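Read-outs: derived from the displayed coordinates by stated rules, not from any lab. A quick note: this is a predicted structure, and the numbers were derived from the prediction, not measured.
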Amino acid sequence: MNRRLRHCLLAALAPVLVAGCGPAAGASSPGPDSPVAGAGTTTSAAASTSAPAATTSKAPAAVPVPVVVLDPGHNGGNATARSQINRLVPAGGITKPCNTVGAATDAGYPEHAFTWDVTTRVADLLRRRGITVVLTRTDDTGVGPCVDQRAAAANAARATLAVSIHADGAAATVRGFHVIEPALAPDGGNAAILGPSATAAADLLTAFSAATAEPRATYPGPLVHAGLTRRNDLAGLNLARVPALFIECGNMRNAQDAALLADPVWRARAAQGVADGVLAYVGRA
Ligand code: ZN
């Protein structure tokens with residue numbers, strides 16, 4: 001698994017190789033310009049009296065395989081590499097720390113483990129549906145990568161959609177999940193992705209609610225509406241040149257949410273919700 005994931009990560013940095021990460025079904029489809037075996041070979045003599053255009057109708061062009069970049073927030077080695085992850089990196093007109101340690105439940109279940117578990121589940125679900133999936137990290141024991149590099153991986157893969165998966169560390173009294181869509185970055189660089197990202201956010205919100213019954217958070221400050229916020233201070237959204245979202249699946253500091261986040265059965269539901277939202281957006285629902 002790790003070797004495969006490492007290959008996919010490398011592929012994100014070399015777009016021409018990305019198709020190799022997908023399942024055989026999609027990757028083996030002929031390209032739009034490939035001749036289609038069998039097309040028109042049974043044309044009868046009678047049919048040949050019709051206009052050639054009518055008797056040699058082309059097979060539908062091959063539908064490109066969607067590429068989805070999944071970004072499991074944080075990493076298991078970050079806590080012991082503070083100087084490495086605290087250095088500032090460009091974030092779209094602002095700077096941000098390379099990476100952060102992330103949240104944890106009061107019982108000590110860390111966010112990096114949660115995001116890794118859910119993300120790998122989502123990847124499995126999407127690959128089974130013929131989606132090419134690229135992950136921004138290859139295991140849960142390393143350091144980083146920095147947030148600007150995670151965004152660069154999505155851009156290099158020319159992703160149909162990039163989803164960063166997180167769980168929150170908010171006040172213990174509040175709970176629920178929320179999706180974060182991009183606002184215009186301080187440097188204006190993500191203007192072209194705001195519309196499609198908002199569409200994807202609506203799909204993800206609906207699908208995650210349906211799969212998990214998790215309430216939509218109302219605590220994040222700049223809410224668009226319950227369960228949806230819009231920010232321009234996240235490198236992953238500011239630097240994105242492909243549609244991009246974050247999801248905070250629940251609040252690790254809230255006892256009720258923490259019990260769910262630590263439960264593998266619930267995490268499977270969460271993964272299904274994310275996958276369903278992605279599939280709706282890429283037209284594979
Ligand atoms: Zn996080």
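Taking amide H as placed 1.01 Å from N in the peptide plane, residue 251 has its amide H under 5 Å from the amide H of 168, 176, each at least 5 places away in sequence or on another chain. Around the amide H of residue 183, modelled in the peptide plane, lie the amide H atoms of 231, 232, all under 5 Å away and 5 or more residues distant in sequence or on another chain.
For residue 244, the amide hydrogen comes within under 5 Å of the amide hydrogens of 162, 197, counting only partners 5 or more places away or on other chains and with H modelled in the peptide plane. Maximal additional length on extending the residue 141-residue 63 stretch stands at 24.4 nm, based on 0.36 nm per residue less the C-alpha distance. Working note: Cα gyration tensor of segment 67-281, eigenvalues times five, square-rooted, sorted largest first, giving semi-axes of 22, 20, 18 Å. Once you have a ≥ b ≥ c as the square roots of the Cα gyration tensor eigenvalues for segment 93-137, tell me rounded if a/c is under 1.5, and otherwise prolate or oblate according to whether a/b is larger than b/c. Taking the square roots of the gyration eigenvalues as a ≥ b ≥ c, segment 93-137 is oblate.
The slack in the chain from residue 80 to residue 158, taken as 0.36 nm per residue of separation less the alpha-carbon distance, amounts to 24.8 nm.
With contacts taken as Cα pairs under 8 Å at a separation of at least 6 residues, segment 110-190 carries a relative contact order of 34 percent.
Using the Kirkwood radius over C-alpha pairs as Rh, can you work out the diffusion coefficient of segment 58-193 via Stokes-Einstein at 25 °C, viscosity 0.890 mPa s, in µm² per second? Roughly 149 µm²/s, to the nearest whole number.
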